[in-house]
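A.B. asks: Sharing a structure, written as structure tokens. Questions coming.
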């Protein structure tokens, strides 16, 4: 669903009532077929898109300021992040690319996953065991991690976890 | 003095039993940190001494301690540090490190160097001549096992061995090769070659490490992935990397040979002339000439009478500190160039298998 702003030069009328300017575009994909329906606010409410309407601010300015404040929040979070053991801040780590202690890995875990994935194309340690590679986690632990990674849309990490699970299952079977 | 134990007319572990026309040496390194201490950048000054002593004590209880020697950085003269850097046994980072840092060095048919309080608390590396990757791993693993039981390493199930730099965590293992690539450099195939290396998770830098120039067409090529693959898997992939480098360099040399053999032959024989008659040679020129001669021998332009291949340690022996150590008195830069010319001439004349060209 899209928010077609008021500032658009060409006014499109609502495809249902054909009276009010269309403000909402409903895009549906069914069986590979994409349909677009442009509606005014009233018709959209009637058609049951009330919830979606509420999620989006009414105008573009509102949307931008909301995005900005979210971004600011992220930046602030990053600025306040530090390792409770050695006191290294995340920003210090980012500029020197050196951890201050072993605990930093845990303190910055969420932030460093993309970075380590870029360096090593992997985000999990594996050990050699007879016949194959193995993670130091149990099958159950790996499966939980995989579920979480998929949920969070961390797909590269999920792919590595999937391989590790396959490896362990092969060993068991 | 540190060099009392050394022979400066050759480096035995580089003239090892196996020699190669591309690879000077193969190195494997493990990076480790001890639990209970912060890493280098955030460590408490009072902890440094204790950390150094803990590692020293663990070393003293190994079977190999009596064979080598532990040097504390603060007790080394700057001259001695440079000597060890020229030999690739310590890093320039270690030479600048504080009082409680040091290096344990043991040279035999290969070279072991254990750096204490460099970027990580512990950096253990083993170097073998040419491409003895398996042997290098076996020897290093043995030494490592002995030490590992005595120290408690920082480790997590997710990130493996925890290192100061995120590029080293996981196995903490890095494989690197010193190799001579005159073909790839002169055939102008560097860009494609580098892309190939990147695809194999390998990187490249100059003879003396990051930012240094590739004098004499000598490069360090090293693995840059340590997380998500086991030690054995890394060994296998770097073994494939080694074959890739060999193949590309041979291809480039063949291309040069078929395209411009005459120019190549001319360049090699001119270099023989310079080595024979020049009365002063600078250290960068020396590396250049050595590279051309080595290429000449490996392409059969010069005859090595089927004895041995080129002595690759010459690239290190012609460095300023190594040369200076052969003399009683310190020399000026100019005098050094004169002595270098004499030294190289003598090396080639003395080796019977070069005599055909150099007498």
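A.B. asks: In whole Å, how far is the Cα centre of the range B:229-290 from that of the range A:15-39?
C.D. replies: 68 Å
A.B. asks: Determine the shape class of the range B:86-160: with a ≥ b ≥ c the square roots of the Cα gyration tensor eigenvalues, call it rounded for a/c under 1.5, and otherwise prolate if a/b is greater than b/c, oblate otherwise.
C.D. replies: Oblate.
A.B. asks: Per-residue mean of other chain beta-carbon atoms within 10 angstrom of the beta-carbon, peptide B:221-233?
C.D. replies: Mean shielding count: 5.
A.B. asks: For the protein assembly as shown, just say rounded, prolate or oblate: build the C-alpha gyration tensor, square-root its eigenvalues into a ≥ b ≥ c, call rounded for a/c under 1.5, and beyond that prolate if a/b exceeds b/c, oblate if not.
C.D. replies: It comes out prolate by the Cα gyration axes.
A.B. asks: Based on Cα positions only, what radius of gyration and what Dmax would you give for the range B:176-305, in angstroms?
C.D. replies: Radius of gyration, then largest Cα-Cα span, for the range B:176-305: 16.5, 55 Å.
A.B. asks: Going by how many other beta carbons lie within 10 Å of each one, how would you line up B:135, A:152, fewest first?
C.D. replies: Numbers: B:135 16, A:152 12.
So the ranking, lowest neighbour count to highest, is A:152, B:135.
A.B. asks: Then there is this: Residues in the range B:172-215 near a label at residue B:260, defined as backbone nitrogen under 17 Å from the 7 Å Cα→Cβ point?
C.D. replies: B:181-191
A.B. asks: Now, a different point. Fewest first, what order do B:115, B:143, B:51, B:326 take by the number of other Cβ atoms within 10 Å?
C.D. replies: Going from sparsest to densest Cβ surroundings: B:326, B:143, B:51, B:115.
A.B. asks: Once you put a point 7 Å from the Cα of residue B:243 and another 7 Å from the Cα of residue B:194, both along the Cβ direction, what distance in nm separates them?
C.D. replies: 2.7 nm
A.B. asks: Related question: May I ask you to sort B:131, B:26 by Cβ crowding, counting other Cβ atoms within 10 Å and putting the fewest first?
C.D. replies: Working: B:131 23, B:26 27.
Ordered by Cβ neighbours within 10 Å, fewest first: B:131, B:26.
A.B. asks: Under the rule a/c < 1.5 gives rounded, and otherwise a/b versus b/c splits prolate from oblate, where does the range B:260-355 land using the Cα gyration tensor?
C.D. replies: Taking the square roots of the gyration eigenvalues as a ≥ b ≥ c, the range B:260-355 is prolate.
Readers should treat all values here as calculations from the given coordinates under stated rules, not as data from a laboratory. Please read these numbers as outputs of a predicted model, since none were measured by experiment. Reconstructed Cβ throughout: ideal geometry from the backbone, glycine too, with neighbour counts over all protein chains shown.
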